[in-house]
Amino acid sequence: MARRVMMLHAGGAVVTVLGFRRDAAAPPTVGGARTIDLGRTRDGRLVHRAWAVLLVALRPAAVRAATADADVLMARNLETLLLAVRVRGTRRLVYECLDIHRSLLGNGVVARGIQAIERRLLAAVDLVLTSSPRFADDYFRDRRSLAAPIRLVENKVLAIDAGSVLAAVQRAGAWPPCVFAWFGMLRCPRSLEALTALVRNSAGQVRVVLAGVPSEQEVGDLAAHVAGVPGMTFLGRYRPSGLPRLYGRVHFAWAIDHFEEGLNSA
């Protein structure tokens, strides 16, 4: 989120961030933008998230007041798209979709209901931002018959001042040991299993550095797991400004994701 706010600021926009939080308290700012807390949701608990969104959607006065001066509304997931459609009026509406949730690709009764809601909401969108060419072609164009234009914004490190970023990068030393990075949303059990086996079977020739936000529901107690594997290190959360330092200490980045194999990950 901070990266997107920084991009909007760089383009001359004044940004206010409205959204739900997973932590106990919302940060006062994100990427320099003021935040408005809409409530707390829980990781992996779809029903709880849906109920929290419905409560705000039924009483949208706070969202309407917070966006009264906005020229453009930008929704970053399906639940905030619902709220944006409720209060948009005549303003332009942008939908940013960087992940396709499993429910949007399923065939069950609940999944089909969510997909029907998504189709209705997409009809109100003026522009879609997405992170993958296959999301654009295979999902929005083929599956959803989206008429609105699509802009591809790949999920890469934001380097507005590329010179300072490159200057901050320090090259990792020669190998062995060869050091792999797994950064970001740490939620793929198969990746964790593969990297653990790689380290354990390498006789000290391979190390793995992990950093980011682990999903306890998917990978369990990641810190405890890593502590039991010599050669693996978990550094916790990081800020975007710390990425040059993090990548500077590794040789390769692990970019394989089987989190939703056959669905989003396909």
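The values are calculated or read from the model by the stated rules, or taken from the named source; none is laboratory data. Computed from a prediction, not measured in an experiment: that's the story for all the values here. So basically every Cβ, Gly included, is an ideal-geometry build from the backbone, and we count neighbours across all protein chains shown. The accessibility values were calculated without ligands, DNA or RNA, using every heavy atom of the protein model including side chains. Shrake-Rupley method; radii C 1.70, N 1.55, O 1.52, S 1.80 Å.
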Discussion item. Sort 88-95, 9-16 by the packing proxy (mean of other Cβ within 10 Å over each peptide's residues), most packed first.
Written reply: 88-95, 9-16
Practice prompt. For an R0 of 41 angstrom, estimate the FRET efficiency from the Cβ-Cβ distance between T90 and H258 and round to the nearest 0.05.
Written response: 0.40
Item to complete: Quick one: which residues, 5+ away or cross-chain, put their amide H under 5 Å from the amide H of V206? H built at 1.01 Å from N.
Response: C178
Item to complete: Amide H neighbours of L186 under 5 Å, at least 5 residues apart or on other chains, H built in the peptide plane: list them.
Response: V213, S215
Worksheet entry | Under the Karplus curve 6.51 cos²θ - 1.76 cosθ + 1.60, θ = phi - 60°, whole-Hz ³J(HN,Hα) for the stretch 195-211, x wherever Gly or Pro sits | 5, 4, 5, 4, 5, 5, 9, 8, 6, x, 8, 10, 10, 10, 10, 10, 7
Response to the item:
Counting all Cα-Cα pairs in the stretch 70-114, those more than 16 Å apart amount in percent to 45
Worksheet item: What part of the accessible area of the stretch 103-258, given as a whole %, is carbon or sulfur when the probe is 1.4 angstrom?
Response: 54
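Find the accessible area per residue for the stretch 84-157; the probe is 1.4 Å, ligands and nucleic acids are left out, and the unit is Å².
Averaged over the residues of the stretch 84-157, the accessible area is 57 Å².
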Worksheet, complete the sentence: Expressed in µm² per second, the diffusion coefficient of the stretch 181-266 from the Stokes-Einstein equation, with Rh the Kirkwood radius over alpha carbon pairs, at 25 °C and 0.890 mPa s, is 184
